[in-house]
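Taking it in order: structure first as structure tokens, then the write-up.
The values are calculated or read from the model by the stated rules, or taken from the named source; none is laboratory data. Predicted model only: the values in this text are computed from it and were never measured. Don't worry about glycine lacking a Cβ; one is built from the backbone with ideal geometry, like all the others, and counts go over all protein chains shown. To get the accessible areas, we keep the full protein, side chains included, count just its heavy atoms, and leave off ligands, DNA and RNA. Shrake-Rupley method; radii C 1.70, N 1.55, O 1.52, S 1.80 Å.
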Amino acid sequence: MITPKINGDVIKKYLNEGKRFDGRGFDEFREIIIEPNVSKKAEGSARVKIGKTEVIVGIKMDIGTPYPDSMDKGNLITSAEILPMSSDRIELGKPGFESIEIGRITDRVLRESGFIDFKGLCIKEGEKVWNLYVDIYSINDDGNLLDAAGIGAVAALKWARMPKYDEETGKADYHEHRDELPLDENVPISLTFHKVGDHFIIDPNREEEDFSETRITLGSKKGIISSIQKGESHQVSVEDFGKVLDRMEVVWKEVLKSIEKQIEKNKK
Amino acid sequence: MTTKKSETKSSGKFERPDGRKVNELRPIWAKVGVVPNADGSAIYASGDTIAIAAVYGPKQMHPQHSQNPEKGTLRCTYLMNSFSVNERIKPGPNRRSMEISKITEWALEPVLMLKDFPSQVIDVHINIIQADAGTRCAGINAASMALAHAGVPMKSLVTSVSAGKLDKTLVIDLDKEEEDFEEGEGPTDIPLSFTGDGKITHMQLDGKISPAQLKEAVEMARESAKEIHKIQVKALKDSVEGDKK
């Protein structure tokens, strides 16, 4: 269903009074729930719920060859698919731009933050490396799939165990999973600010997101920004962008806390 | 102001591979009217990066079900030539080029009065014929000039430039060698686009940077965009004067 314009007008009016429909503050996430191992066949997986929004993320690995410009590093391949089951507005067919963008933004959040030690995914320099696939599927879209994808990717990677490398066949042995992935202890956070009317808010629900004029996704680790994507066409003043950065410096700690709590709780 | 500060900070310590100052752009060359069939066109070269843009429209959108009766559609296609880089690119669109096409639309849309063109489409085709980093910025600059050259009503031109950080030093307009810089904190690339009055219409970032330094980098980019803006305007004026002769 498409959100009627009148709802948008009321959402914006509320924001002008400092309020959101569900009573949250502008910098407040809905409850984040992360569950591990939603799929046994994956090397690692996670289900992330942010309010009613839900994504599942799975990690698969196989043996590949390195790229010419990174002969001693493994490969990261991130993809996202917004499944038609996740709302009544998605059409069947090949992935639309929204899916592609979620995959690419999540890829950059992971890659640029230095979360993954790609050298630790090298088996034989110049010949054999691990391919690390991060695949994201939306199950229910109630807004903010972008940040849900980022959180899910981090959790799934944290929980993943690498398949054994079989020296004889030169292939991955999926019957034995042991080692954790070579990851940094600090996790990256994907945090998206949406401009609705005259205000920036985070974690919009579906209705709020429908009236988002532009969004800024900040990928960061320990408060250091490692990736940005401004999406949609509305312009932003340099001053307003500065304010977003100031708010991000506070909010990332809150989000990190709730993610780490969930990851710790479910640690094997 | 901000630009000066980082210049002194780095002086003596850091040198760019091609000897440019931290806030110095690569040599720019720009010209409009390079694709005779198009309604508007431009070529924009920044160092060894060269982009051509051609505009067709506003024209009726086909198929009819793609028409938007509320406002016109801006449709950008960014394409890198297969031979524009060392390792040949498989021809045709890929996920990267699709994203940059969309980013280009978002960067340009705020200055266009698309509401005046319901059910119409403006096609912008961008071709990178030689790539040495900063191709999306060059593409946006060329596209913006091509739109103006086509006579599409615009509030201002859009000017794009990338700010960056090499190890700890802020610089402007990274080339490929700098993009592959591996010392210290490595490279950070921040492509940005601005309207004529300095509002941000596009921003991306890859790398590592503190919020405080990022603010400084954005200011630096805004200053450099003013220089590029002048070159864009001059190229457009030159074409009009050429017509008079």
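Ignoring ligands and nucleic acids, what accessible area does B:Met98 show with a 1.4 Å probe (Å², nearest 10)?
Rounded to the nearest 10, that gives 80 Å².
How about segment A:1-36: which chymotrypsin sites (Phe, Trp or Tyr not before Pro) there are in a DSSP loop, with at most 14 other Cβ atoms within 10 Å of their Cβ? Could the numbers behind the result be given before it?
Values: sites: A:Tyr14, A:Phe21, A:Phe26, A:Phe29; in loops: A:Phe21, A:Phe26, A:Phe29.
Within segment A:1-36, the qualifying chymotrypsin sites (Phe, Trp or Tyr not before Pro) (loop, at most 14 other Cβ atoms within 10 Å) are A:Phe21.
How much length, in nm to one decimal, is gained on full extension between B:Glu241 and B:Lys155, taken as 0.36 nm per residue of separation minus their Cα-Cα distance?
Working: separation 86, 0.36 × 86 = 30.96 nm, distance 2.21 nm.
Here the answer is 28.7 nm.
Skipping prolines and chain starts, which residues have an amide H placed within reach, meaning under 5 Å, of the one on A:Asn131, given they are 5 or more residues away or on another chain?
Answer set, sorted by chain and number: A:Asp62, A:Ile63, A:Gly64, A:Asn75.
Tell me, what is the Rg over Rh of segment B:139-178, with Rh the Kirkwood radius over Cα pairs?
Details: Rg = 14.4 Å, Rh = 12.1 Å.
Reported Rg/Rh (Cα atoms, Kirkwood Rh): 1.20.
Which values of log₁₀ I(q)/I(0), to two decimal places, follow from the Debye formula for segment B:88-216 at q = 0.12 Å⁻¹ with a uniform point scatterer at every Cα?
The calculated log intensity ratios at q = 0.12 Å⁻¹ are -0.51.
With all pairs of different alpha carbon atoms counted, what Kirkwood hydrodynamic radius in Å does the protein assembly as shown show? Provide the component values of the computation, followed by the final result.
Numbers: mean 1/r = 0.0416 Å⁻¹.
Computed over Cα pairs of the protein assembly as shown, the Kirkwood hydrodynamic radius comes out at 24.0 Å.
Net charge near B:Arg96: determine it from the other residues with C-beta under 12 Å of the C-beta of B:Arg96, scoring Lys and Arg +1 and Asp and Glu -1. Write down the numbers at each step before the final one.
Details: positive: A:Arg104, A:Arg108, B:Lys90, B:Arg95, B:Lys102, B:Arg136; negative: A:Glu101, A:Asp107, B:Glu99.
Once all neighbours under 12 Å are counted, the net charge is +3.
So for the pair B:Asp180, A:Ile6, with labels modelled 7 Å out along Cα→Cβ, what separation do we get in nm?
Roughly 6.0 nm, to one decimal.
For chain B, what's the relative contact order in percent, using C-alpha pairs closer than 8 Å and at least 6 residues apart? Could the numbers behind the result be given before it?
Numbers: 528 pairs, mean separation 53.9, N = 245.
Reported relative contact order: 22 percent.
Principal axis extents for segment B:20-98, Cα atoms only, whole Å, descending order, please.
50, 29, 27
Tell me the chymotrypsin sites (Phe, Trp or Tyr not before Pro) within segment A:177-268 that lie in a loop according to DSSP and have at most 11 other beta-carbon atoms within 10 Å. Don't skip to the end; give the middle numbers.
Working: sites: A:Phe193, A:Phe200, A:Phe211, A:Phe241, A:Trp252; in loops: A:Phe211.
Passing both the DSSP loop test and the Cβ count: no residue.
Once you keep just the Cα pairs under 8 angstrom separated by 6 or more residues, what percentage relative contact order results for segment B:92-169?
Working: 49 pairs, mean separation 27.4, N = 78.
Computed value for segment B:92-169: 35 percent relative contact order.
Can you tell me the FRET efficiency between B:Ser82 and A:Glu17 if r is taken as the Cβ-Cβ distance and R0 is 41 Å, rounded to the nearest 0.05?
It comes to 0.15.
Enter the buried accessible area of the B/A pair, total of both sides, probe 1.4 Å, in Å² rounded to the nearest 100. Working shown, then result.
Details: alone 12720 and 13790 Å², together 23570 Å².
Summing both sides, the interface buries roughly 2900 Å².
Please check which bits of segment A:47-80 a label hung off A:Asp88 would reach, taking the label as a point 7 Å along Cα-to-C-beta and the cut-off as backbone N under 19 Å.
A:52-54
Checking buried surface per residue: for segment A:97-117, which residues lose a minimum of 50 Å² accessible area in the protein assembly relative to the chain alone (1.4 Å probe)?
Hits at the 50 Å² cut-off: A:Phe97, A:Ile100, A:Arg104, A:Glu112.
Find the centroid of the Cα atoms in segment B:80-120 and in segment A:53-82, then give the distance between the two in whole Å.
25 Å
Please identify which residues in segment B:119-137 have an amide N closer than 18 Å to a label point set 7 Å out from the Cα of B:Arg75, following the Cα→Cβ vector.
Residues B:119-127 fall inside that zone.
Which aspartates and glutamates does A:Lys94 reach when only Cα atoms under 12 Å apart count, and residues fewer than 8 places away in its own chain are ignored?
Cross-link targets: A:Glu81.
Quick check: pseudo-label points 7 Å beyond the Cα along Cα→Cβ at A:Glu167 and B:Ser210, how many nm apart are they?
Simple spin-label model gives 4.8 nm for this pair.
Within the protein assembly as shown, what whole-number % of the accessible surface is contributed by carbon and sulfur, with the 1.4 Å probe and all protein chains included in the calculation?
50 percent
Over the protein assembly as shown, with the other protein chains present, what is the accessible area per residue in square angstrom, probe 1.4 angstrom? Can you show the working numbers first?
Details: 23570 Å² over 513 residues.
Computed with neighbouring chains in place, this is 46 Å² per residue.
Taking the mean number of other Cβ atoms within 10 Å as a proxy for protection, how do you rank A:79-86, B:181-188, B:66-73, B:51-58 from highest to lowest? Can you show the working numbers first?
Values: A:79-86: 18.1, B:181-188: 16.1, B:66-73: 14.4, B:51-58: 24.8.
Ranked by mean Cβ neighbours within 10 Å, highest first: B:51-58, A:79-86, B:181-188, B:66-73.
At 222 nm, what value in deg cm²/dmol follows for chain B if DSSP H runs of at least 4 each add -39500 (n - 2.57) and the sum is divided by all its residues, to the nearest 500?
Details: 5 runs with 76 residues, N = 245.
Value at 222 nm, helices only, nearest 500: -10000 deg cm²/dmol.
Let me test this: with uniform point scatterers at the alpha carbons of segment B:22-244, what is the Debye-based log₁₀ I(q)/I(0) at q = 0.12, 0.15 1/Å?
So the normalised log intensities work out to -0.62, -0.95.
May I ask for the Kirkwood hydrodynamic radius of chain A, worked out over all distinct Cα pairs and given in angstroms to one decimal? Write out the running numbers ahead of the final one.
Numbers: mean 1/r = 0.0517 Å⁻¹.
About 19.3 Å, per the Kirkwood formula over Cα pairs.
For segment A:138-268, what Kirkwood radius comes out of the mean inverse Cα-Cα distance, in Å?
Values: mean 1/r = 0.0595 Å⁻¹.
Over segment A:138-268, the inverse of the mean reciprocal pair distance is 16.8 Å.
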